[in-house]
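Have a look at the structure below, then the notes.
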Amino acid sequence: MNSAAQTVEVDRQTMDVDIVCAGFGPATGGFLTTLTQAWSQNPADPAFESKVAPGMPLQVLCYERADDLAAGVSGVVTRAEGIRTSFPALDPAEVPMAAPIRQERVFYLLDPIGASRRSLTLRMGDFFLGLGKTLWVKDSAFELPWTPVFLHKHGGLVLSIGQFNQWVGSQLMASGLVQIWPGTPVSGPIFPEDPGGTKRAVAGLRLADQGVDKHGIPAEGYMPGMNVRAQLTVVGDGPVGAVGQRLDERFGLPAGHARREWALGMKFVIELPEDTALEAGTVWHTFGFPEPEIFGFLYVHPERLVSAGIFVPSWMGDPGRTVYRYLQHYIQHPLLWQHLKGGALRSWGAKSLEESGKHGEPFLAGDGFARIGEGSGSTNLLTGSGVDEAWTTGAQLGEAVLELLRAGKPFTQQNLSETYEKRRRASWVERGAREAENARNGFYGGFVRGLLGMGLAGLTGGRLSLAAHIPPAPKQIRRFGAYGKAGLKLREAAALAVADGRPLHDALMTARGWPEIPFDGRLLVTQQDALLMGGKVQAMPGFADHVLFLDRNRCIQCREKTCIAMCSGQALTLGDDGAPAFEREKCVHCGACLWNCAQSPDGERSNIEFVAGSGGLHSAEN
Amino acid sequence: MANVLHIVVCAGMAPDPLQTLEPTTGPNGPGIKNEMVLPAVLDPWAASALYEAASLAAKNPGSKVWLVSLGPKAKLQQVMMTVAQKVGFELVPVDGPIGGFPDAHATAAALADAIEAIPGLDRARLLVFGGWESATRGAGVTLQLVGERLGIVDQFQGVDQITLREDGSFEVLERVEGGKHQVSVCAGAPAVLGWATGNLPEPRNNPQVGMANMRTIMPALQKAKSVALEANGLKYVAVNLPRQQRETRVEKNLSAEEIAREIVEWIEKDNR
């Protein structure tokens, strides 16, 4: 197995640097930007002299798994307060696909098909809305008369994170202070020798082995992953990053914290028809369709490009979480389709969102390491905002590091707590996270209750919220019913899947009444075509599989196989032995399999391990 | 005894072929929309030449590899982050424009000037490598013109292999019609070799190689000489992207013969 093979002791090269970062996203961008801006103002500042290479500037390295800095996976709408603090003169025109927000609207989408699973309460609500068909319902959508203030992104930006990453990365490297190496997955942290096992400390990063077979066994061209030892290790590898996961395993989470809430975001970037009426900077938030639990969005970029996508949360208990099929139905909703029809698929991508927020915040610092960004629990669940928060936590760490460098203090847990953690606790990121902490609790009691809870928390600044018991992610997946109507649908789907070779969960949606997708080869394409046309998914040879099944017997016995339904790239399919089979060349590294597993070996964690791997999306327009 | 070689690899950049490429016509003629913001890669043919050069240099201690590349500094820098971890080289950047279809004569002149200006370059040990083809707007003559400007008369194209001999001469395999190779023996450097795919796999990313390269790459980029490529009156009437098609469907009951027949029909559609 990969993780076992990587622990085999071999002769590894070692390199010493001052600061090493895992992952290049908005958080690391904020950190490195803060560092390089200060260095550029005064390169002669002795604080910037390297400890490992005296006489040289600080040796700062960043390793990124994706094959290019632009191979991000998300289009976002953001208030961009933290980003503008770093770039006060930011002109959105400098960043491709960026546009100032001009219009924000919120729509409740009715189900024009009649296939979505709506509760009685919701059906009654839909009925009453339907009575005013011509008055307040248009295109099967009801527009909220006002946008809740907590959803507003006034003064913000619509961004492509791929393009934004590239823009930030080129400026960072032009500074000459930092090196950012894409195509280099990090297998995990290096822990210093600690006989007592009590220290919360990190001594650097170990890069992934190359020249190995799918099981991690050395093969032709074997090159053991290098040990990069550093005085400070910055962990910004996102919610499913290998380094963050290993830290959580080793140190645990603070008392009362757990990572149980997730969502998968999947979206298309679409080139709109030439006569489109949508203006750049238009932002729509939607809810209610294709299932009540699925929230959606539409952001308009310059040059007739639009991002349209959905979020499928872990609290959608149904095991048939076929996100790609849902996304295709979503864009065909009359409200959206009137604008998207005739468009062409430009890009496609998916990513897991860590939605525990404060509930899932890890230890932010230890001896020689600090955690920033989404993996550090910075996402605001109420405002649905993560990029600006991630950027700001990185910038806060940058300021803290500058303070420690100038004071000649080491990167100890205490020093990082007194500088980085202190800044973070006193900032708007923390205030927002506190307000949002329990905002989504209500969804564990149903969709309508969830909306009420969100509104309550949003309108009272988090002072009031609904209580909830949030079960571990594996327990949130309902079991397929074996009997009754549900059982019949499942058997109908199985027959359909056997008849034409389609995946079971896709067939289940058809059996549940969702119409077949009318493929047009331009926008409505198969999931396999989306991998190539949109995501441009590829993987370098010579790396091990990064999705591992801990106990295959559990997988074989699993009826739900939600990991297969949820797999964004169809990299997981049903193997001959009844367990999922993994093809890493098709994996987009969204990490959905990690939390879409109904078979927990210990009641909390998944039966799937998601470790360091190479490849993924290559589109720069996400 | 090993030969000490000075190998100069001429390598252009190409928009990452995985991106959505859209032709457009700008004030300077045909080009690719938003090329400056598309991720770029080292031209794959020239990349083969670079890996062959590094392998040859490793087998002949004392040899050295330079990579001469023309493009905007920011783009060069981005591409170097994906190339510099693979093999050791010294970058000779030429800060010039990207996009459109530059005149091959103007490009060759800029490259030849950059090569001649490399300090310590020994012409008696000089092998100029490059790609036989290009993944983007290859004129098919740039490398030959570089050789002509440098006064190098021994030129080989479509090279898949070079074997050095002890006396300094070398044997070259060039691709010819019919899937065969033409075997030539050259008395020695200087020579120009336009590489086909070669025989080497893409090297693994080695962080130490990357660190070593960056010590010279960053200063070189900061000092890169700017050039403007003259159009020399060249005009392109029209350009087209290669036609891309993809059709997918699931078939469970077709025989191999039927599938093969359909594929042949599909391919032949373009020729009708």
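General remarks:
- Taking 0.36 nm per residue of separation and subtracting the Cα-Cα distance, full extension of the segment from residue B:257 to residue B:185 would add 21.3 nm.
- The value of relative contact order for chain A, using C-alpha pairs under 8 Å at least six residues apart, is 19 percent.
- For region A:1-128, a simple Cβ point-charge model (Lys and Arg +1, Asp and Glu -1, everything else neutral) yields a dipole of about 800 debye relative to the Cα centre.
- FRET efficiency for the pair residue B:234 and residue B:36, taken as 1/(1 + (r/R0)^6) with r the Cβ-Cβ distance and R0 = 22 Å, rounds to 0.55.
- Buried area at the A-B interface (accessible, heavy atoms, 1.4 Å probe, summed, Å²): 3300 Å²
- Entry note, the protein assembly as shown: the mean residue ellipticity at 222 nm calculated from DSSP H runs of n ≥ 4, each adding -39500 (n - 2.57), is -8500 deg cm²/dmol after division by the residues and rounding to the nearest 500.
- Surface listing: B:162, A:372 arranged by accessible area from highest to lowest gives B:162, A:372, probe 1.4 Å.
- Sequence-distant residues sharing a close amide H with residue B:22 (under 5 Å, placed H): B:33
- Additional length obtainable on full extension of the chain from residue A:403 to residue A:10, 0.36 nm per residue less Cα span: 137.6 nm
- Relative to the longest principal axis of the Cα atoms of chain B, helix B:73-83 runs at roughly 80 degrees.
- Inter-label distance, residue A:576 to residue B:153: 6.4 nm, where each label sits 7 Å from its Cα along the C-beta direction.
- On the beta carbon distance between residue B:161 and residue A:249, with R0 = 56 Å, the FRET formula returns roughly 0.70.
- Checked against a 18 Å cut-off, the cross-linked pairs A:153/A:358; B:59/B:86; B:75/B:225; A:51/A:409; B:64/B:225; A:351/B:86 give Cα-Cα distances beyond that limit for A:153/A:358; B:64/B:225; A:351/B:86.
- Shielded residues, region B:79-98 - accessible-area loss of 50 Å² or more between chain alone and all protein chains, probe 1.4 Å: B:81, B:85
- Nearest-0.05 FRET efficiency for residue A:149 and residue A:425, computed from C-beta distance (R0 22 Å): 0.35
- Label point at residue B:121 placed 7 Å out along Cα→Cβ; residues across region B:59-98 whose backbone nitrogen lies under 18 Å: B:63-71, B:89-96
- Here the accessible area of region B:6-226 is 52 percent carbon and sulfur, with a 1.4 angstrom probe and all protein chains present.
- Across A:214, A:267, the residue with the most accessible area heads the list, and the full order at a 1.4 Å probe is A:214, A:267.
- Amide H contacts under 5 Å for residue A:538, placed H, 5+ residues apart: A:616, A:618
- Protein heavy-atom accessible surface, 1.4 Å probe, per residue over chain A: 37 Å².
- Rounded to the nearest 20 debye, the dipole size of chain B about its Cα centre is 720 debye, using +1 on the Cβ of Lys and Arg and -1 on the Cβ of Asp and Glu.
- With a simple spin-label model that places each label point 7 Å from the Cα along the Cα-to-Cβ direction, the separation between residue A:128 and residue A:604 comes to 4.3 nm.
The values are calculated or read from the model by the stated rules, or taken from the named source; none is laboratory data. Source: prediction; values computed, not measured. Every residue, glycine as well, gets a Cβ built from its backbone with ideal geometry; the counts of neighbours run over all protein chains shown. For the accessible areas, the whole protein counts, side chains as well, though only heavy atoms, and no ligand, DNA or RNA atoms are used. Shrake-Rupley method; radii C 1.70, N 1.55, O 1.52, S 1.80 Å.
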